[in-house]
Amino acid sequence: MPHPLLQTIATPKDLRSLSRAQLKTLAGELRDFLLQTVSQTGGHLSSNLGTVELTVALHHVFNTPDDRLVWDVGHQSYPHKILTGRREAMASLKQLGGISGFPRRCESEYDTFGTGHSSTSISAALGMAHGARLKGESRRTVAIIGDGALTGGMAFEALNHGGYAGGAGLPDMLVILNDNDMSISPPVGALNRYLARLMSGKFYAAARESAKSVLKNTPLYEFAKRFEEHTKGMVVPGTIFEEFGFNYVGPIDGHDLDSLVPTLENLREAKGPQFLHVVTKKGYGYELAEADPINYHGPGKFDPAIGLQKPATAPKTTFTQVFGQWLCDMAAADERLVGITPAMREGSGMVEFERRFPKRYHDVGIAEQHAVTFAAGLACEGLKPVLAIYSTFLQRGYDQLIHDVAIQNLPVVFALDRAGIVGADGATHCGAFDIAFIRCVPNLALLTPADENECRQALTTAFRHDGPVAVRYPRGAGAGVAQQPALTALPWGQGEIRREGRRVAILAFGTLLYPALAAAERLGATVANMRFAKPLDTALVLQLARSHDALVTIEEGCLAGGAGSAVLEALSAAGVDTPVLRLGLPDEFIEHGDPAKLLAMCGLDAAGIEQSVLKRFGAPLSLVTPAAA
């Protein structure tokens, strides 16, 4: 048995009776199991390797699930899943029908709050803590948030509320800052361990409260308060959290169970809002991940003994890479271009841009709202900001999209990566709603390129337009169409006919053009590459509606309010009653799994499109051959 102690842990209750020495053994086995498992399935690795000891200590000290653990983002929750009855299920991680890569309330009672987007944990934990208080229940609530997630403004909004008593009183909750960027020096050592245990203990708390009561209403009170704050500030970087009303403890070594366990035990008994600063190392315990935590953040399958290897054959160019190359080319051609990312430099393909144009590169942290308004401010000064942002992340800046960009009609380019189905990351990252939420906003335009070359052209078109424009493109590679080096724009607001047929015309928005073409070969149908979801090429829509018996719209986005709805609206406005079949993502959240399988399940592959058309408009279509079309 390779992990004998871990094999005995069915629930966290099983590890609460373990000795400190056994906990250390368990942590070692857990880290090895995690490495072996993720290397077989792919998934988030370096962040999870860094939270092994912290997770063991939390489940050892707190009475989960009665005590609530809330993981921010959740890509560091694999050790938590393994210790909470899902060890065997890890073999199905992020696969269709398997367990999620993020906490999900429907998956386990230990997953107290579903996550996937950043900076939500403190708000959720605060709500839970006040909920327990109102119901008269004695339970502890813990939010675990990374230093990256703490750059999100929502986290500070929650801290601001959490330390304010008001009529509701102060909540009994603990916020753990998992600092894995080694930003504090020196972050660990005997002195910090001693201070952490001292400041989290009953003696320190009692002494502090006694001093407050004695000095209250005397001139010495304010002096003593300031002396305590500044004395702690000299040895620990916690003054800001104290100002929010939290008792700050730390920083302590997040890989040292001899420090973690007693500190957490003290804080479990403490009243009011507590803040523990824990320093961990991404990839801890696996040298390759420690040396390169970025590339090991979310690797695919690999051999742990060898590490990540370059593929034998060069993979297809991804849309993210298309954007990254275009960004550099356009920046070289136009010095007004400024690139912005909300903490997704690698994911959005901006590494080379930062290297070549550092003065025009801005990583604003996990702050999507600020990113949008920051871009608006740049545009006010005559610059041409390009905000590279995932489709689902723009949802967090929707108010700013409307009020700060669209109302003022500012020329901001939104490069929407991960539009449509994303695969393994599931519902929280599925870009299903951008067509619907963008096309309803005045002044905003939206392009839906079908392939790599058209994506480059669409970005150029957006950049040269004097107003706000979004360009949506999916995760991964496209059809393999070669890119033209020239920075060529598309005719504004115009689609194109890609295949002439009869009876049925398929109007494709985005990369689903290619399965639509394949289906049309069997159906003898016309295919239009619409290119623009807004402004819609109404002239082309009406032309096709009047020359065909039926229209089919296809989009990798939600049907409610999507591009198909735009076509129906255009026909209605013109008084044209040609039947329309709309194909797209169903009115449900799409699970994690292989993107091709998910598209097929949604009927958006070639076979699914063909079947849907035949089902709606009848079998005679199948008799129409390409030669006869």
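Derivation of every value follows stated rules applied to the coordinates shown; laboratory data play no part. Computed from a predicted model, the values in this text were never measured in an experiment. Note: ideal-geometry Cβ built from the backbone for every residue, glycine included; neighbour counts use all protein chains shown.
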- Query: In debye, nearest 20: dipole of region 319-472 around its Cα centre with unit charges on the Cβ of K, R (+) and D, E (-)?
  - Reply: 140 debye
- Message: Run the Debye formula on the Cα coordinates of region 425-489, all scatterers equal and no solvent, and tell me log10 I(q)/I(0) at q = 0.18 1/Å.
- Response: -0.75
- What percent does the relative contact order of region 485-527 come to when contacts are Cα pairs within less than 8 Å and at least six residues apart? 48 percent
- Decide, for region 7-152, between rounded, prolate and oblate: order the square roots of the alpha carbon gyration tensor eigenvalues as a ≥ b ≥ c, take rounded if a/c falls under 1.5, and otherwise choose prolate if a/b is larger than b/c, else oblate. oblate
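Among the trypsin sites (Lys or Arg not before Pro) within region 97-148, which fall in a DSSP loop and have no more than 14 other Cβ atoms within 10 Å of their own Cβ?
On the way: sites: R104, R105, R133, K135, R139, R140; in loops: R104, R105, R139, R140.
Here the trypsin sites (Lys or Arg not before Pro) that fit, given the DSSP loop and packing criteria, are R105.
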- Hydrodynamic radius (Kirkwood) for region 496-623, which is based on Cα pairs only, to one decimal in Å: 14.5 Å
- Calculated FRET value between A314 and A560, using beta carbons and R₀ = 41 Å, to 0.05: 0.55
- Length-normalised contact order for region 248-406 - Cα pairs under 8 Å, 6+ apart - percent: 16 percent
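Greater than 20 Å separation of Cα atoms is the criterion. Which listed pairs, K310/K597; K94/K301; K135/K271; K534/K615, meet it?
Details: K310/K597 26 Å; K94/K301 12 Å; K135/K271 17 Å; K534/K615 29 Å.
Checking Cα-Cα distances, K310/K597; K534/K615 exceed 20 Å.
Exactly which GluC sites (Glu not before Pro) in region 45-118 are in a DSSP loop and have at most 14 other Cβ atoms within 10 Å? Walk me through the numbers before you get to the answer.
On the way: sites: E53, E88, E107, E109; in loops: E107, E109.
Passing sites in region 45-118 are E109.
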- Let me know the charge dipole size of the chain about its Cα centre in debye, to the nearest 20, where only the beta-carbon of Lys, Arg (+1) and Asp, Glu (-1) is charged. 460 debye
- Note on the structure: In the chain, taking the dipole from +1 charges on Lys and Arg beta carbons and -1 charges on Asp and Glu beta carbons about the Cα centre, the listed residue (V541, A305, A375) farthest towards the positive end is A305
- Message: Once you order the gyration tensor axes a ≥ b ≥ c over the Cα atoms, which shape class does region 313-401 get: rounded for a/c under 1.5, otherwise prolate or oblate by comparing a/b with b/c?
- Response: oblate
- Would you grab the residues whose amide H sits under 5 Å from the one on M173? Only those 5+ places off in sequence or on another chain, please, with H modelled 1.01 Å from N. G272, Q274
- Message: Based only on Cα atoms, what mean projected area does the convex hull of the chain have, in nm²?
- Response: 32.6 nm²
- Task: Work out the length of the dipole vector of region 514-583 about its Cα centre, built from +1 on the beta-carbon of each Lys and Arg and -1 on the beta-carbon of each Asp and Glu, and round it to the nearest 20 debye.
- Result: 80 debye
- Query: Tell me, what is the percent relative contact order of the chain, built from C-alpha pairs under 8 Å that lie six or more residues apart?
  - Reply: 11 percent
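Please work out whether region 319-472 counts as rounded, prolate or oblate from its C-alpha gyration tensor, where a ≥ b ≥ c are the square roots of the eigenvalues and a/c under 1.5 means rounded, while otherwise a/b larger than b/c means prolate and anything else oblate?
Working: a/c = 1.28, a/b = 1.08, b/c = 1.19.
Taking the square roots of the gyration eigenvalues as a ≥ b ≥ c, region 319-472 is rounded.
Return the percentage of antiparallel bridges among DSSP beta bridges fully within the chain, rounded to the nearest 5 %.
On the way: 8 of 65 bridges.
Rounded to the nearest five, the antiparallel share is 10 percent.
When the chain is fully extended, how far beyond the present Cα-Cα distance does A333 get from T25, taking 0.36 nm per residue of separation? The partial results should precede the final answer.
Numbers: separation 308, 0.36 × 308 = 110.88 nm, distance 5.79 nm.
Taking A333 through T25 to full extension adds about 105.1 nm, to one decimal.
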- the chain - mean residue ellipticity at 222 nm from DSSP helices (-39,500 (n - 2.57) per run, n ≥ 4, rounded to 500): -11500 deg cm²/dmol
